[in-house]
1. Along the range 86-103, what does the Karplus equation 6.51 cos²θ - 1.76 cosθ + 1.60 (θ = phi - 60°) give for ³J(HN,Hα), rounded to whole Hz, x for Gly and Pro?
2. May I ask for the net charge around Phe72, where only other residues with Cβ less than 9 Å from the Cβ of Phe72 are counted and Lys, Arg are +1 while Asp, Glu are -1?
3. Please report the spacing between the Cα centers of the range 110-151 and the range 68-95 in Å, no decimals.
4. Could you give the length gained by full extension between Ala63 and Val129, i.e. 0.36 nm per residue of separation minus their alpha carbon distance, to one decimal place?
5. Pull out the extension gain between Arg102 and Arg74, defined as 0.36 nm times the separation in residues minus the alpha carbon to alpha carbon distance; nm, one decimal.
6. Let me make sure I get this right: for the range 89-147, a, b and c are the square roots of the gyration tensor eigenvalues over alpha carbons, sorted descending. Under 1.5 in a/c it's rounded, otherwise prolate if a/b > b/c, else oblate. Which is it?
7. Give me the one-decimal nm value for the distance between modelled label points at Gln122 and Val173, 7 Å along each residue's Cα-to-Cβ direction.
8. Can you give me the distance in nm between label points at Asp46 and Asp143, each placed 7 Å from the Cα along the Cα-to-Cβ direction?
Amino acid sequence: MDNRDRSDHDPASTDSASPIHVVGEQQQLTLPGTLWPAGCDRGQSDPLFFAPVTKQQANELLAAFSHPLGPFTRPFGYQAWGLAIDGQAVAVAVSGSTVGARAAGFARREVVDLARIARHPQHPGIMRVMLRLWRDYLAPRWDYWPVRAAVSYALPGKTGNLYRFDGWRKAGVCKPWAGGGTWSNPSRANTMADGIKTVFVYEYPPSAPSRSTQRP
């Protein structure tokens, strides 16, 4: 669930001087608009750099990139990744376990959900790059269990062409959800268009190796 269908939507341009923070846990957040702080050899001079980030850092990027669903707040499993070009954060993706017990015909412990994906407003082409990197290299690295498929959702009113053109299959629709349990609130997607999200799935071939470390 995201701002990923960029053929239909572009967020308002963000102020180039606003902070965009993504750094390693042992590094300091110092430079506004950059991925790595000054004096850090790691990635600062690379034309393209990719690294895992914390949930807080991912949410800072989601805010900076005007993600329509806001921060990722699920209390269970997640992984987040940041992509930088010439030292500037340009995209973020967040993997999560699904909210429901089943998604696109798969049980929760068979899939990983692309819960958020967003990009810098001045880098429109990076969304397809980030999606393909996530699909082929990051989703299979889900730490919690081996995955048979990846799932994601086109927001209400969006075509989902980003997924179609990337080889995903439409698996159905998801009606507005009012929330429930002890942590969840009604989704912001409920107020968008008709409130109905489109479910997309990408199934991995049985021979595809899983890179999951399966956390205890």
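1. Per residue, the Karplus-derived 3J(HN,Hα) values read 6, x, 10, 5, 10, 7, 9, 9, 10, 8, x, 6, 5, 5, x, 5, 9, 8 Hz.
2. Local charge sum for Phe72: +3.
3. 10 Å
4. On the way: separation 66, 0.36 × 66 = 23.76 nm, distance 2.03 nm.
Length difference between fully extended and current span is 21.7 nm.
5. Full extension of this stretch gives 8.4 nm more.
6. prolate
7. A separation of 3.9 nm, rounded to one decimal place.
8. 1.9 nm
Each reported figure results from applying straightforward, stated rules to the coordinates on display, with no laboratory input. As the structure is a computational prediction, the values presented were derived from the model and not from experiment. Note that we place each Cβ from the backbone using ideal geometry, even for glycine, and neighbour counts take in every protein chain shown.
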